[in-house]
Amino acid sequence: MNSLKVWLSRFGLVIALVVIGATMAVVHPAFLTWPNLLNVVRQISINGILAVGVTYVLLTGGVDLSLGSLVALTGVVAASFAHPGEYPVFVPVLLGVLAGTACGAVNGLVVTKGRVAPFIVTLGMMTVARGLALVISGGRPVSNLSEEFKWIGNGPVPILILVAVAIVSWVFLANLKLGRHIYAVGGNENAARASGINVERVKLFAYTVCGSLAGLAGVVLASRITTGQPNAGAGYELDAIAAVVIGGTSLSGGVGGVGGTILGALLMGVINNGLDLLNVSPYYQAIVKGIIIVGAVWLDRRKEKS
């Protein structure tokens, strides 16, 4: 019985992904076509990048609710410098990522130096970033983007970006000293501090990385929809956190990883795509997504108690 539990805990998500995929293939033959499968992975690329970023924060026992607003802000910042003939394409990309990095660093500083709860800090940043996006854009979409910038969000490029982010983060968390410190802080903050780990620096790093990847996601989204939308990204933080928790990362910190996060994002993407193919109303899709989030958190709490 115990071996079955261990086996299910390791491969349960893969089994769920295969079962849901097989069911969708039977119900709707178009699901298994190459264009649709490519579309599924492309659709989850932005959520996947965000989910990898927030994995760092959740592993430390924190949370980041500002992701959706950071996507809007960084997309607007990048789009403002991506008009044809003005700057090389690396300039808007760099500025968008730096804007996210700065916001993430502010979150981390207030959490660590100000001793304010992450929930409150990132909730405040969510409002501030959304306001900044509206101020910078004048409340209007920033359009007329260069072809070089729009290339970033087309074809397989977003998928390749997600793969690169996932591989780098996996190697970092699994093999490097600072990555192991992230797990240690989330597992037992007092013990980590007693062992000489600079807990504040580790948390600051996690929030900064999360902001940087939110900036990257904002750049990819702006490129994909060919405008910097100040109202973009609404609810993205919930999708990202849900993917991470479904992937096995504990909300209490110290347990989880990038591999599970990507599987969680894929599972949510498959479910969303299946509901779209079946022409399920977006209102019902929101209900399903809410049930999935609550169910994932409930399972997480049950695992902690067992």
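The values are calculated or read from the model by the stated rules, or taken from the named source; none is laboratory data. Source: prediction; values computed, not measured. Virtual Cβ from ideal backbone geometry, glycine too; neighbours counted across all protein chains shown.
Some points to look at:
- Segment 251-286, residues that are among the small types (Gly, Ala, Ser), free of Cβ contacts under 8 Å to residues at least 40 places away in the same chain and not in a helix (DSSP H, G or I): SER281
- Condition met for ALA117 (of a type in the set (A, V, I, L, M, F, W, C), surrounded by fewer than 15 Cβ atoms within 10 Å (Cβ to Cβ) and closer than 20 Å to SER69 by Cβ): yes
- Across segment 50-94, the number of residues qualifying as of a type in the set (A, V, I, L, M), outside any loop (DSSP other than H, G, I, E, B) and under 12 Å from the mean Cα position of the chain (by Cα) comes to 9.
- Screening ALA30 against (1) buried (at least 16 other Cβ atoms within 10 Å of the Cβ); (2) in a helix (DSSP H, G or I); (3) aliphatic (A, V, I, L, M) leaves a single unmet condition, (1).
- Residue in segment 75-89 that is surrounded by fewer than 24 Cβ atoms within 10 Å (Cβ to Cβ), hydrophobic (A, V, I, L, M, F, W, C), in contact (Cβ under 8 Å) with a residue 60 or more places away in the chain and under 20 Å from SER250 (Cα atoms) present: no
- Lone unmet requirement of (1) at pLDDT 95 or above; (2) closer than 21 Å to GLY259 by Cα; (3) surrounded by 24 or more Cβ atoms within 10 Å (Cβ to Cβ) for HIS181: (3)
- Checking each residue in segment 134-167 for being among the aromatic types (Phe, Trp, Tyr) and over 23 Å from PRO84 (Cβ atoms) picks out no residue at all.
- Conditions (1) hydroxyl-bearing (Ser, Thr, Tyr); (2) assigned to a loop (DSSP other than H, G, I, E, B); (3) more than 30 Å from ASN190 (Cβ to Cβ); number of the one not met by SER223: (2)
- Count of segment 222-244 residues which are of a type in the set (Val, Ile, Thr) and either modelled with pLDDT under 90 or surrounded by fewer than 24 Cβ atoms within 10 Å (Cβ to Cβ) (or both): 3
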